[in-house]
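The values are calculated or read from the model by the stated rules, or taken from the named source; none is laboratory data. If you're wondering where the values come from, they're calculated on a predicted model, not measured in any experiment. Heads up, the Cβs are rebuilt from the backbone with ideal geometry, glycines too, and the neighbour counts pull from every protein chain shown. Remember, those area values only see protein heavy atoms, side chains included, never the ligands or the DNA or RNA. Shrake-Rupley method; radii C 1.70, N 1.55, O 1.52, S 1.80 Å.
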Amino acid sequence: MRQSVRSQGVPVPSFGQLLLLAGLCAAGWWGWTEYVWSRTRSQLWNADASFEARNRAIEFWVAGGAAAIPDLVRGLTADDFRIRCAAARALGGIGAAASSAAPALRLASKDAHLQVRKAAIRALAQIAPDDPETIDMLMAVARDEDPAVREVVGEVIGPLREMALNPLLALLADSQPVIRLEVIQLAHHIAPDSVEVISALRRLERDPDPSVRDYALVTLLRNHRASPGEILSWIEETNPEVVSQSLVSLAQFGPDAVMAVPELIRCLGRTDLRSTQRYPDVIEQALVWLKSFGTAARPAIPALVRLLESREGAYNGPLILATLAAAGADRDTLVPILVPALADSHLCNSAGYFLAKVDDDEARRQIPMLIEKSHSPDHEISNTAFCALSGLYPVAMTDVSTLTSHLSQESESIAIWAAMALARIGPGAASAVPEIVSQMQRRGSRSHLAPLLIQAAGSVGPAAAPVTPLLMAVIADKTHDAWVRGWALVALARIGSTPPDFVTTLRSALGEESPDLQSAALQALAALHPGDAALLPEILRSLSSSRAEIRCAAAWTIADIVGCRAEVVTALTSHLRDPDARVRWVAAKALGRLGPPAFAALPALRSVRPVKEFPEKMSYSPPFASLIETDSESRKREQSIAEVILDAIRQIAPDGATAVESP
């Protein structure tokens with residue numbers, strides 16, 4: 001009979017063997033870390049070590065705490081400046097525990113090498129910030145001949161604040177203007193509203209050095225510490241920076257700023273500022289103020305005329321013309337200026353605009369001459385003439401038959417001008433529809449004129465129904481530019497004679513990648529006012545698009561497309577915190593348009609942070625740009641988001657009972 005043999009299996013180590021193995025592992029780990037520690041620490045003393053290796057070494061020495069201080073103090077006297085600099089940095093990292101190294105660091109702050117001196121100064125500020133000797137050392141450094149060393153004081157003195165303020169201000173007695181200037185700049189940075197700093201700035205108003213004095217004046221103006229009399233007198237200063245800040249400070253006067261008209265008139269005629277780079281900015285500020293005063297600025301008219309006729313007037317020509325008109329300059333003053341300005345490439349558009357306002361008969365006489373000039377082979381002359389004609393739109397728009405005849409001009413620029421004017425006239429240009437159809441057929445849908453003809457047809461409205469087949473052909477042809485197809489969508493919606501499946505066409509356009517086409521489809525749907533709740537999911541998708549232009553278009557049109565529903569108010573409210581300022585602006589505007597039905601949005605509107613933020617230039621697609629421009633209030637692009645929100649609250653709660661807070 002066979003005897004069975006039991007398997008021995010894997011031998012199990014004894015407790016002693018496990019203990020020995022653990023001890024060997026621990027010893028190996030300790031040995032390895034000690035090796036890494038010593039090797040890394042040694043990089044501090046290696047002059048050729050890399051920047052990263054030395055930084056790691058500094059971290060290891062800082063971790064060593066007080067035990068590392070003796071070695072680091074010896075490092076401050078090493079031959080290589082990189083080692084001295086690293087030792088100072090490590091001592092600073094240890095902090096207050098390294099106070100015994102302060103004397104050695106004070107010596108190092110006078111080192112021959114710039115980097116060592118800067119590292120030692122920073123380390124002292126970290127180790128002994130409350131030590132009077134540290135303050136004395138910093139004040140001595142503030143008078144150092146090397147500006148690179150002086151700037152370190154600005155880096156480290158901040159946390160010391162009030163302790164360092166009086167010793168710092170005492171340095172204003174220094175004979176070197178550059179020291180006085182840097183000291184007052186630093187003191188103002190530390191405690192801008194302190195009585196000591198304001199008093200020091202007042203003393204420096206009489207400083208013999210212009211740079212120090214001008215800094216004091218500008219700082220007092222920016223901190224609203226100047227009296228009305230001082231503001232008016234400082235407009236006469238020779239430094240354009242002081243003049244500019246004085247003009248800004250006129251806002252403190254409120255309605256009484258009109259008392260500055262004499263100073264502003266003298267500012268326009270100053271020749272001492274003309275050689276400075278800030279001269280155009282200063283003149284622009286003065287003009288903006290005078291324009292805001294309206295007819296109260298009438299005494300400035302002669303000075304404005306002289307400025308416009310001078311070489312410097314080219315910088316701000318359009319603004320000068322606008323200021324003259326606002327000040328109430330009469331026809332006899334303006335027409336002799338405006339007619340020659342039609343030939344000035346800088347002024348032509350503004351000159352046309354104001355000429356149309358002050359003397360429409362003269363404006364009509366100028367149109368044929370400008371059209372003739374637009375045919376000139378000289379590119380600059382033809383462009384200037386076309387630009388002037390654009391300014392004369394208000395007069396040109398009263399003569400539909402003449403504009404219609406210009407559509408057939410061989411000069412495409414004149415035909416474009418006529419089409420743009422017809423588009424602005426709107427339904428009153430219905431008599432031009434046959435010529436619009438003729439020109440679209442003759443020139444083709446790919447000409448430069450075609451998009452303007454499409455826009456003109458859309459602005460005419462239902463009377464432009466004969467254009468519908470041509471528009472449908474443009475929409476169906478996907479080889480056209482997306483923005484041209486977008487114009488066609490919008491025009492067709494405004495005309496109203498749409499095919500039965502037009503809404504389906506618009507829904508498919510919402511799914512296309514082009515933001516121009518999506519924005520146009522949204523506008524077209526808004527023009528149709530379908531009030532169809534089934535479209536809501538698609539509009540909400542557009543409202544969550546990654547493109548800000550599409551979110552803007554969706555926010556502006558959503559209520560027109562699906563009606564004023566709770567989901568619409570909720571969606572618009574959520575976009576009051578959109579990352580793009582343009583979307584926030586449009587969302588607030590759209591909520592205001594909804595009026596009382598958007599009552600649920602009031603808490604969110606009130607909670608928006610009241611910043612005077614202006615959205616950047618609205619870079620909408622062309623079709624959507626025309627939509628938002630149809631709202632007269634939306635033309636006030638200078639409205640900040642805070643102002644738009646306040647308007648929205650007033651529109652939603654017009655009685656004011658539930659909207660007493662300003663956003």
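Any idea how far the Cα center of the range 552-578 sits from the one of the range 482-519, in Å?
Cα centroid to Cα centroid, the span is 20 Å.
Report the FRET efficiency, 1/(1 + (r/R0)^6), for VAL248 and ALA430, where r is their Cβ-Cβ distance and R0 is 51 Å, rounded to 0.05. Numbers along the way, then the final one.
Values: r = 51 Å, r/R0 = 0.99.
Here the calculated transfer efficiency is 0.50.
Taking N as the number of residues in the range 311-374, what is its alpha-carbon radius of gyration divided by 2.2 N^0.38 Å? Can you show the working numbers first?
Values: Rg = 11.3 Å, N = 64, 2.2 N^0.38 = 10.7 Å.
In units of the 2.2 N^0.38 Å rule of thumb, it is 1.06.
Please work out the ratio of the alpha-carbon Rg of the range 275-355 to 2.2 N^0.38 Å and round it to two decimals.
Working: Rg = 11.8 Å, N = 81, 2.2 N^0.38 = 11.7 Å.
Compared with the compact-globule rule of thumb, the range 275-355 sits at 1.01.
In whole Å, what are the extents of the range 298-426 along the principal axes defined by its C-alpha atoms, from largest to smallest?
47, 30, 20
Scattering from the C-alpha atoms of the range 409-524 alone, worked out with Debye: what is log10 I(q)/I(0) at q = 0.18, 0.20 1/Å?
One equal scatterer on each Cα of the range 409-524 leads to -0.84, -1.03.
What percentages, rounded to whole numbers, describe P(r) for the range 157-296 computed over all alpha carbon pairs with 10 Å bin width beginning at zero?
Final binned percentages: 11, 38, 29, 17, 5, 0.
Could you provide, to the nearest whole Å², the per residue accessible area of the range 493-595 with probe 1.4 Å?
Numbers: 3750 Å² over 103 residues.
With all protein chains present, the range 493-595 gives 36 Å² per residue.
For the range 90-144, list log₁₀ I(q)/I(0) at each q in 0.25 Å⁻¹, using the Debye formula over Cα point scatterers of equal strength and ignoring solvent, two decimals each.
-0.95
Treating only the Cβ atoms of Lys and Arg (+1) and Asp and Glu (-1) as charged, compute the dipole magnitude of the range 327-380 about its Cα centre; round to the nearest 20 debye. Mind dumping the intermediate values first?
Numbers: 5 positive and 10 negative charges, 22 e Å.
The dipole of the range 327-380 has a size of about 100 debye.
How would you rank 539-545, 174-180, highest first, on the average number of other Cβ atoms within 10 Å across their residues?
The packing order, highest mean first, is 539-545, 174-180.
Where does each of 364-370, 321-327, 456-462 land if you order them by average Cβ count within 10 Å, highest first? Could you put the intermediate results ahead of the total?
Numbers: 364-370: 16.7, 321-327: 21.4, 456-462: 23.1.
Going by the mean number of other Cβ atoms within 10 Å, highest first, we get 456-462, 321-327, 364-370.
Leaving out ligands, DNA and RNA, and with a 1.4 Å probe, what % of the accessible surface on the range 205-332 is carbon or sulfur? Before the final figure, lay out the partial values.
Details: 3090 of 5820 Å².
Answer for the range 205-332: carbon and sulfur cover 53 percent of the accessible area.
Quick one: 3J(HN,Hα) in Hz for the range 257-274, Karplus 6.51/-1.76/1.60 with θ = phi - 60°, rounded, Gly and Pro as x.
Running phi through 6.51 cos²θ - 1.76 cosθ + 1.60 with θ = phi - 60° gives 4, 4, 5, 8, 3, x, 5, 5, 5, 5, 4, 5, x, 6, 8, 6, 8, 5 Hz.
Report the Cα-based extents of the range 369-449 along its three principal axes, largest first, to the nearest Å.
33, 28, 16
Shape verdict for the range 461-607, please, from the Cα gyration tensor: rounded (a/c under 1.5), prolate (a/b greater than b/c) or oblate. Show your work: numbers first, answer last.
Values: a/c = 2.46, a/b = 1.79, b/c = 1.37.
Judged from the Cα gyration tensor, the range 461-607 comes out prolate (a/c at least 1.5, a/b above b/c).
Would you list SER376, SER405, SER109 from the most to the least accessible area, probe 1.4 Å?
SER405, SER376, SER109
Using the Karplus equation 6.51 cos²θ - 1.76 cosθ + 1.60 (θ = phi - 60°), what ³J(HN,Hα) coupling, rounded to whole Hz, does each residue of the range 448-453 give in order, writing x for Gly and Pro?
Result, ordered by residue: 5, 7, 3, x, 6, 5 Hz.
Over the Cα atoms of the range 160-216, what is the Rg over Rh ratio if Rh follows Kirkwood? Working shown, then result.
On the way: Rg = 10.2 Å, Rh = 11.0 Å.
Checking Rg against Rh, the ratio lands at 0.93.
May I ask you to order 330-338, 409-417 by the average number of other C-beta atoms within 10 Å around their residues, highest value first? It would help to have the intermediate numbers written out before the result.
Details: 330-338: 16.2, 409-417: 17.9.
Top to bottom by mean Cβ count within 10 Å: 409-417, 330-338.
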